[in-house]
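I have placed the structure first, in the form of structure tokens, so that the comments after it can refer back to it.
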Amino acid sequence: MNRRLTWLTLSAVLLASNGALFSDTLKGVFTFDGKPPRVALAYFGEDTSLSIPTATVDQVSKEFTTYLIVGAKDTKLQFKNSDNIDHNIYVNDNDADVNFDVGLAEPGSVVSKPMDWKDNRVVRVSCKIHPNMRMYIAKITSKYHVIVNLDKPGFDGKWEIKDVPAQCTKLSLWMPGLDPIETAIGPGKKATLKITKKSEERGSVVLTRG
Amino acid sequence: MKRKLISVFFLLITGILSAGPIGLLSKDDIEYPTGKPPSRDEVELGKILFFDTRLSGNKTQSCATCHDPNLGWGYGMAKGLGSEGNTLTRNSPHVFNLAWMTSFFWDGRSDSLEKQILLAIKNPATMNLPPDEMMKRVSASPYYEKQFKKTYKDGVTADNLSKALAAFQRTLIVDNTPFDQYMKGNKNAMSPDAVRGMNLFTGKANCANCHDGGNFTDGSYHNLGMGDKDIGRGKVDTNMSYRFRTPTLRNVSLTAPYMHDGSLATLEDVVRFYNAGGRVPTRDIKKLGLTEQEIQDLVSFLGALTQWIPFERPVVPD
């Protein structure tokens, strides 16, 4: 009876933990031939628990303040203009099938918009008045994700996603201008993948789950 | 550790080598369509096409007619002439430093250099050559047939033609002017007038509000109060009427006359135009209150953005 109770209790705990007791860290190392992209996004697609009520896109000195932001299905996007000049943010991303125009925004203005497009899409954002401005918004579902800032001074190519449940194995890697990568990597596995642009090699990423 | 030290070194250098909103150019910032610089073959092919009059309807004009290397890769006249002898509505822009630009034409209606090229060739007002005829003429040349096959897997196509022309134009780079040499530490590279002019450029004269960055352009669209009827960017976006794209000022001393309508003959005229607050009131331009010496200093600084690019015209095949 006691043994049965113990097994039942253990099973309940395991179920409740959603596998968290069996989680590990995914480690990655990027290497690039030539100039790396500014940013990379890595995430495990199976998880759908990501919640981000607000995500902000802002501009100062004719630049976006962040190059990549992440949102989820419950995210309200806030387009702020902290600059001292007008901007007009828009998205016209045919690959992601997302098109919207925030409109002319005076300094100090804030415009809100829900992230009402499909999950697991990264869209390119620009300004109609300042075409050199560019940033990206990623709508994903997974809290097991990381934004890697590749242009940080002294960056050594290393990044990680911690506490990844064992059942999450489908990894997606996105970098602006480069071919997206999707791979399966389970606990205890290693993989080395090529990074390409229009099928031409641009670098590699070594993945280790421990 | 070594990589960290190198990164810190480059960060310091970048910080030192900017004069506030203006600074040096970096070829690392060029976004080539394929992610890497074009091949020598592609550039050479594009160079020959650039000088080839078979790319105009009546075979009288090439790209180099309106973008003449001897006229600062511009036209030297207030407004260009189309291949049928018609006067165009705007000044022919030069083609320096297009490698860093993200929009093309005065109204920015093209978001890629490749698209701009095909539009200019097809436009009845400019080169007036329909795409089918363009392909027929280029394919009929054994030289082009061979060179296109050597450079591109799919040979002679309109896309490849535009890629070759764009590849060549992206090599026209001005990044080693007296200003650049001054910024790299040669304090003798610019005259005292030009140094004062540089400080005015980023200060009292407000030039760097629009002519900023290493390429001296924010790539944006502004209404300068020219007072003419051309609505510029308004044809693309009704919220942006009378705005025109900010050109780079590198090699500006070679590309007279100035503005989208070519109405300002000299750099002195340009500086006096801004000093007066434009011809008609506009939010973007205010009177500057510059003295005569300050006007001269600014003109001197603009001259320090000059780098002559030696060039030999290619032989165009029959």
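Things to note:
- Within the range B:198-231, the set of residues being open to solvent by less than 20 Å² (accessible area, probe 1.4 Å) and within 13 Å of another protein chain (Cβ to nearest Cβ) comprises B:A208, B:G214, B:N215, B:F216, B:T217, B:D218, B:G219, B:S220, B:Y221.
- Residue match in the range A:146-156 (condition: among the small types (G, A, S), within 14 Å of chain B (Cβ to nearest Cβ) and surrounded by 16 or more Cβ atoms within 10 Å (Cβ to Cβ)): no
- For the range A:42-77, the candidate set comprises residues that are closer than 13 Å to A:T141 by Cα and outside any loop (DSSP other than H, G, I, E, B); within that set, the residue that is farthest from the other protein chains (Cβ to nearest Cβ) is A:F44.
- Subset of the range A:52-100 [of a type in the set (K, R) and either surrounded by fewer than 19 Cβ atoms within 10 Å (Cβ to Cβ) or free of Cβ contacts under 8 Å to residues at least 40 places away in the same chain (or both)]: A:K73, A:K76, A:K80
- Filtered by the rule that a residue be over 23 Å from B:T217 (Cα atoms) and crowded, with 17+ Cβ neighbours inside 10 Å, the range B:82-119 gives B:G82, B:S83, B:L88, B:L118.
- Check on B:I117, assigned to a helix (DSSP H, G or I), under 14 Å from the mean Cα position of the chain (by Cα) and in contact (Cβ under 8 Å) with a residue 40 or more places away in the chain: yes
- Any hit, the range B:152-163, residues being assigned to a helix (DSSP H, G or I), under 24 Å from B:K36 (Cβ atoms), aromatic (F, W, Y) and in contact with a helix residue (DSSP H, G or I) (Cβ under 7 Å, 6 or more places away or on another chain): no
- Only residues that are surrounded by 22 or more Cβ atoms within 10 Å (Cβ to Cβ) and either out of contact with any Asp or Glu (no Cβ under 8 Å at 6 or more places or on another chain) or in contact (Cβ under 8 Å) with a residue 24 or more places away in the chain (or both) were counted across the range B:65-81, and they come to 5.
- Just so you know, in the range A:101-145 the residues that are open to solvent by less than 70 Å² (accessible area, probe 1.4 Å) and of a type in the set (K, R) include one that is nearest to the other protein chains (Cβ to nearest Cβ), and it is A:K128.
- Test result for B:Y143, buried (at least 16 other Cβ atoms within 10 Å of the Cβ) and aromatic (F, W, Y): no
The values are calculated or read from the model by the stated rules, or taken from the named source; none is laboratory data. Worth saying up front: this structure is predicted, and the values here are computed from it rather than measured. Using ideal geometry, Cβ is built from the backbone for each residue, glycine included, and neighbour counts are taken over all protein chains shown. For accessibility, only protein heavy atoms count, side chains too; no ligands or nucleic acids. Shrake-Rupley method; radii C 1.70, N 1.55, O 1.52, S 1.80 Å.
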